[in-house]
Amino acid sequence: MNGPRILLVEDDPDNRRLLQTMLLKLGCAVDAVADGESALAALSGESYACVLMDVQLPGIDGLEATRRLRESGLTGLPVIAVTAHAMQGDRERCLKAGMNAYLTKPLTLEMLGKALREAGVG
């Protein structure tokens, strides 16, 4: 696939499969990992157009993983939070950690496509 390469960080296997299918339908190439540590490892060795990051992950959560990737110099890489958390303050915590956008589950294909376009992907 020659579309934009996306790193999908999602620990739930069902959600990971669903999001991966949606990204493929949008013409993206997808690498998927299940935790923040694996995301940081992938980002240190590969180039991506965007990261879709779950917030609640085992070990290093999505907020900490985003802070670390920003500290490593990846300041221009769009990171989109994809989370079931829709409580007051969650969006602000994501943005403060360095995420560029915030999407709540369940997602539609249209929501995901719009977020990617707004992030300059695709």
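If you go through the range 17-28 one residue at a time, do you hit one that is of a type in the set (S, T, N, Q), within 22 Å of GLY113 (Cα to Cα) and without any contact (Cβ under 8 Å) to a residue 24 or more places away in the chain?
yes
Looking at TYR48, is it modelled with pLDDT of 95 or more, surrounded by 15 or more Cβ atoms within 10 Å (Cβ to Cβ) and either within 25 Å of LYS25 (Cβ to Cβ) or in contact with a strand residue (DSSP E or B) (Cβ under 9 Å, 6 or more places away or on another chain) (or both)?
Criteria met by TYR48.
Out of curiosity, is LEU43 more than 14 Å from the chain's Cα centre (by Cα) and under 15 Å from ILE6 (Cβ atoms)?
When the stated conditions are applied, LEU43 does not pass them.
Assess whether VAL55 counts as being part of a loop (DSSP other than H, G, I, E, B) and of a type in the set (Val, Ile, Thr).
When the stated conditions are applied, VAL55 passes them.
Would you check if THR66 is hydroxyl-bearing (Ser, Thr, Tyr) and more than 13 Å from the chain's Cα centre (by Cα)?
Answer is no for this residue.
Among what's in the range 68-106 and is touching a Ser or Thr at 6+ places or on another chain (Cβ under 8 Å) and either charged (D, E, K, R) or in a loop (DSSP other than H, G, I, E, B) (or both), pick the residue that is surrounded by the fewest Cβ atoms within 10 Å (Cβ to Cβ).
My answer is ALA86.
With respect to ALA49, determine if the residue is among the small types (Gly, Ala, Ser), out of contact with any helix residue (DSSP H, G or I) (no Cβ under 7 Å at 6 or more places or on another chain) and more than 26 Å from GLU92 (Cβ to Cβ).
For ALA49, the condition - among the small types (Gly, Ala, Ser), out of contact with any helix residue (DSSP H, G or I) (no Cβ under 7 Å at 6 or more places or on another chain) and more than 26 Å from GLU92 (Cβ to Cβ) - is not met.
Looking at ALA65, ALA39, which one is among the small types (Gly, Ala, Ser), in contact (Cβ under 8 Å) with a residue 40 or more places away in the chain, in contact with a helix residue (DSSP H, G or I) (Cβ under 7 Å, 6 or more places away or on another chain) and assigned to a helix (DSSP H, G or I)?
ALA65
Using the structure shown, decide if VAL30 is outside any loop (DSSP other than H, G, I, E, B) and in contact with a helix residue (DSSP H, G or I) (Cβ under 7 Å, 6 or more places away or on another chain).
yes
Can you pull out the residues in the range 42-53 that are in contact (Cβ under 8 Å) with a residue 40 or more places away in the chain and over 27 Å from THR108 (Cβ atoms)?
GLU46, SER47
Check whether at least one residue in the range 54-62 is without any contact (Cβ under 8 Å) to a residue 12 or more places away in the chain, farther than 21 Å from ARG117 by Cα and surrounded by fewer than 12 Cβ atoms within 10 Å (Cβ to Cβ), and report yes or no.
no
The values are calculated or read from the model by the stated rules, or taken from the named source; none is laboratory data. The structure presented is a predicted model; accordingly, all values stated were derived computationally and were not measured. No Cβ is skipped: glycine too gets one built from the backbone with ideal geometry, and neighbour counts run over all protein chains shown.
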